[in-house]
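This report refers to the structure that appears directly beneath it.
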Amino acid sequence: MKKLFLLIFLLSSSIFGATLQVKVHNKNYSGTVFLAIYNNEADFLKPEKAYKKIKFNLIPNLTTINIENIPEGTYAFTLFLDENNNNKLDTNMFHIPKEPIGFSNNYSPKFKPSYSSAKFIIKNSLEIQNVTLK
């Protein structure tokens, strides 16, 4: 019976995709977070071309969200806390973000973010990514 249950679980994981669990660590922030998942380098940092966009409420210290039915493959994501509720990432005149941001792999770029540094592979039923808003 245990083998049958395991087989059904494995088959359902491959049919419906995996779950991406994103754990957002923060410094007592709260508010709305916008997360954009990209499945190729050409679209990275172009929110209108994101594979999937998710909007969720952040609670202080740690928020965990689950994104289900993600097919196996290579992905990268960006997220930001919309502190002033204008539904966009605010930047200064040099395009440096004024609001807290984060990237997959907890990548912290010094200059323009790169897909190759933020990318990760989903190949199991659960992929966990920890991100600290900065």
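In the assembled protein chains, T74 presents an accessible area of approximately 50 Å² (probe radius 1.4 Å). Along the chain, the longest continuous region that contains none of the chymotrypsin sites (Phe, Trp or Tyr not before Pro) in a DSSP loop with at most 11 other C-beta atoms within 10 Å is 1-93.
Of the whole protein surface, S30 contributes about 80 Å² of accessible area at a 1.4 Å probe radius.
E127 contributes an accessible area of around 40 Å² to the protein surface, as traced by a 1.4 Å probe with all chains present.
Loop-only trypsin sites (Lys or Arg not before Pro) in the range 21-102, please: DSSP not H, G, I, E or B, and at most 12 other Cβ atoms within 10 Å.
Numbers: sites: K23, K27, K49, K52, K53, K55, K88, K98; in loops: K27, K88, K98.
Passing both the DSSP loop test and the Cβ count: K27, K88, K98.
Across the accessible surface of the chain, with the other protein chains kept in place and a 1.4 Å probe, carbon and sulfur atoms take up 56 percent. At q = 0.12, 0.16 Å⁻¹ the log10 of I(q)/I(0) for the chain amounts to -0.49, -0.81, computed by Debye summation with a single uniform scatterer per C-alpha, solvent ignored.
Stretched out straight at 0.36 nm per residue, the stretch from N124 to F111 would grow longer than its current Cα-Cα span by 1.5 nm. For K98, the aspartates and glutamates whose Cα falls under 15 Å of its own Cα, not counting residues fewer than eight places away in the same chain, are D82, E83, D90. Compared with the dominant Cα axis of the chain, that is its longest principal axis, helix 2-16 is turned about 40°.
Based on protein heavy atoms only, the chain ends up with 64 Å² per residue of surface accessible to a 1.4 Å probe.
The values are calculated or read from the model by the stated rules, or taken from the named source; none is laboratory data. None of these values were measured; they are calculated from a predicted model. Using ideal geometry, Cβ is built from the backbone for each residue, glycine included, and neighbour counts are taken over all protein chains shown. In case anyone asks, the SASA skips ligands and DNA or RNA and just uses the protein heavy atoms, side chains included. Shrake-Rupley method; radii C 1.70, N 1.55, O 1.52, S 1.80 Å.
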